[in-house]
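Asker: I have a structure here, written as C-alpha cells, and I will follow up with some questions on it.
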Amino acid sequence: MNRPIIKFIADFGPLLIFFTIYFKGDNNLKAAIPPFVIATLISLLVMYFLEKRIPMVPLTSGILITLFGGLTLYFNNKIFFYMKPTIINLLFAGVIFFGKYLTKKHLLKIFFQNAFKLEDEGWKKLSNRWICFFIFVAILNEIVWRTQTTEFWIQFKLFGVLPLTLLFSATQLPLINRHKIDESPEKV
C-alpha cells in the first residue's frame with residue numbers, strides 16, 4: 001500500500017470502526033467505544049511510524065478520545081463521550097485564539113506550513129474563521145446531545161459535523177487563493 005492510502009486509513013479508520021460497530025451492534029455505545037479507542041491508538045502508532053512524529057491535532061484528539069471514552073466506560077455515563085467533541089472544538093478554538101495573542105504567531109501557519117503559504121493577513125483571517133467555526137460546532141454539539149437521542153447524536157456526528165467541516169473547509173479556498181504567496185521563480 002502506498003503512504004497516502006495508509007495515512008487516510010489511519011485518519012478515518014477509527015471513525016469507520018466506531019460507526020460500524022455502533023450501528024451493527026444494536027446501537028450500543030459501550031460496545032463501540034473500546035474498539036474506537038484501540039483503533040485510535042493504533043492509528044497514532046501508524047502515523048508515528050510513517051512520519052516519525054505524531055501531528056498535534058491527531059495526538060490531542062487521540063488523548064481526549066482515550067480519556068473521555070475511558071471515563072464513559074468507567075462511570076457508565078454517556079455524558080463524558082457526548083462532551084468530548086465540545087471540549088475538543090473549544091480546545092482548538094482556544095489554542096488558535098490564545099496562541100495568536102500570546103505567541104504573536106498564527107498557529108494555523110505552523111500547522112499548515114507544508115500545505116500552503118499565505119500572507120499574514122490571510123493567516124489572520126483564516127485563524128479567525130476557524131476559531132468561529134470551532135466555537136459554532138461546540139455549541140451545536142451541546143444543543144444536539146442535550147436535546148436529541150443518542151442515535152440522532154451519533155448520526156449527527158457522521159452525517160452532520162463531518163460534511164459541515166468539509167464544506168466549511170472548501171469555502172475557505174477563495175480566501176486561501178486570495179492571500180497565497182506566489183513562490184514561483186520570476187521569469188526574466
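Asker: Going by amide H atoms built from the backbone, whose H comes under 5 Å of the H on Lys78, apart from near neighbours?
Answerer: Sorted by chain and number, the residues that satisfy this come to none at all.
Asker: Give, as a single signed number, the net charge of other residues whose beta carbon lies under 13 Å from the beta carbon of Leu90, with Lys and Arg counted +1 and Asp and Glu -1.
Answerer: Counting the neighbours of Leu90, the net charge comes to 0.
Asker: Do any of Lys105/Lys157; Lys78/Lys105; Lys157/Lys180; Lys7/Lys109; Lys7/Lys78 go past 28 Å between their Cα atoms, and which?
Answerer: Pairs exceeding the cut-off: Lys105/Lys157; Lys78/Lys105; Lys157/Lys180; Lys7/Lys78.
Asker: Using all alpha carbons of the range 17-168, what is the percent of pairwise distances in each 5 Å bin, ordered from the shortest bin to the longest?
Answerer: So the P(r) values, bin by bin, are 2, 9, 15, 19, 20, 15, 11, 6, 3, 1, 0.
Asker: Order Thr147, Thr66, Thr60 by their accessible area, 1.4 angstrom probe, all chains in place, largest first.
Answerer: Result of the area sort, largest leading: Thr147, Thr66, Thr60.
Asker: Would you work out the charge dipole size for the chain about its Cα centre, treating the Cβ of every Lys and Arg as +1 and the Cβ of every Asp and Glu as -1, and quote it to the nearest 20 debye?
Answerer: 240
Asker: Which residues among the range 116-151 fall inside the zone where the amide N is under 11 Å from a point 7 Å beyond the Cα of Lys180, along Cα→Cβ?
Answerer: 116-118
Asker: Once the whole set of protein chains is in place, how much accessible area is left on Glu121, using a 1.4 Å probe, in Å² to the nearest 10?
Answerer: 80
Asker: So, one more: With each run of n ≥ 4 DSSP H residues scored as -39500 (n - 2.57), what mean residue ellipticity at 222 nm is computed for the chain after dividing by its residue count and rounding to the nearest 500 deg cm²/dmol?
Answerer: -26000 deg cm²/dmol
Asker: Do you know the relative contact order of the chain, to the nearest whole percent, from alpha carbon pairs under 8 angstrom that are 6+ apart?
Answerer: In percent, rounded to a whole number, it is 16.
Asker: Just the number, please: carbon plus sulfur as a percent of the accessible area of the range 55-149, 1.4 Å probe, no ligands or DNA/RNA counted.
Answerer: The nonpolar share, carbon plus sulfur, comes to 70 percent.
Asker: On a 0 to 90° scale, report how tilted helix 29-51 is relative to the longest principal axis of the chain, with both axes built from alpha carbons and the result rounded to the nearest 10.
Answerer: Orientation of helix 29-51: about 30 degrees from the principal axis.
The values are calculated or read from the model by the stated rules, or taken from the named source; none is laboratory data. Values in this document were obtained by computation on a predicted structure and should not be read as measured data. Positions of Cβ are backbone-derived with ideal geometry, glycine not excepted, and every protein chain shown enters the neighbour counts. SASA here: full protein model, heavy atoms, side chains in, ligands and nucleic acids out. Shrake-Rupley method; radii C 1.70, N 1.55, O 1.52, S 1.80 Å.
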